[in-house]
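Presented below is the structure to which this report refers.
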Amino acid sequence: MATHVRAHAVPGRIPAAELRPRRLWYGVGAAVLAVSVIVGVAGFAVMLTRLLAAPDFVAEVRGPGEAVFTVDEDFGELGLYGSPVDWAKASCSVIAPSGRELDFDFPPYRWNWESGTENWNLTGAVVLTETGRHTLVCDGGDDTVYAVGDLGADGEGFTSNLLGALAWVVLVPSAGLALGGAVMLVTGARRNAHHRRLLAERTPPLGHT
């Protein structure tokens with residue numbers, strides 16, 4: 001009497017070196033992610049440096065005195081900066097070309113910048129409606145420096161640098177994560193599919209004795 005026995009084939013082990021794509025692509029994906037983080041942090045540092053830099057001054061006065069500066073049609077709101085005091089707006093005014101004296105009001109936002117022995121504070125703002133030569137007149141201590149700059153340009157630069165810093169630190173690493181992660185996921189999926197295909201090809205057929 002013959003007895004039929006079903007033989008179950010045991011799948012063989014597939015060496016990792018035979019699988020495609022190669023594991024090198026995992027490293028490529030990880031490298032893309034790492035580089036994007038490094039580039040993002042570097043870009044953020046550059047934009048942050050610009051963000052914290054001193055504005056472009058059009059006139060400066062040290063202690064009591066005055067300084068002349070020219071305003072064109074593109075000039076916006078004038079910002080007053082003081083170092084080291086933060087009450088400079090009460091010590092300065094602007095004489096317009098028509099002879100009208102303009103007092104500074106409170107600034108639209110707070111700003112502070114330190115460099116060496118100087119500690120600049122944005123302390124006042126005034127809207128200029130005339131073009132031509134203006135005069136900054138200040139009455140303060142001998143150790144106090146007053147300066148004025150285009151607050152409109154400085155404000156736009158502040159906003160653009162802030163958005164740029166956020167873009168570098170958020171968007172660039174996110175793009176690297178998406179691209180590098182996609183490379184690693186696709187590599188893993190294709191290697192698994194290749195592994196299954198090789199197992200199917202190398203598994204011996206069921207036999208009987």
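The values are calculated or read from the model by the stated rules, or taken from the named source; none is laboratory data. Fair warning: this is a prediction, and the values are worked out from it, not measured in the lab. Positions of Cβ are backbone-derived with ideal geometry, glycine not excepted, and every protein chain shown enters the neighbour counts.
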**Request:** Could you check, for the range 98-116, whether at least one of its residues is closer than 16 Å to Phe69 by Cβ, touching a strand residue (DSSP E or B) at 6+ places or on another chain (Cβ under 8 Å) and in a loop (DSSP other than H, G, I, E, B)?
**Result:** yes
**Asked** Is one or more of the residues making up the range 127-137 outside any loop (DSSP other than H, G, I, E, B), modelled with pLDDT of 80 or more and acidic (Asp, Glu)?
**Response** no
**Request:** Could you tell me which residue of the range 97-127 is nearest to Leu78 (Cα to Cα), considering only residues that are under 23 Å from the mean Cα position of the chain (by Cα) and hydroxyl-bearing (Ser, Thr, Tyr)?
**Result:** Tyr109
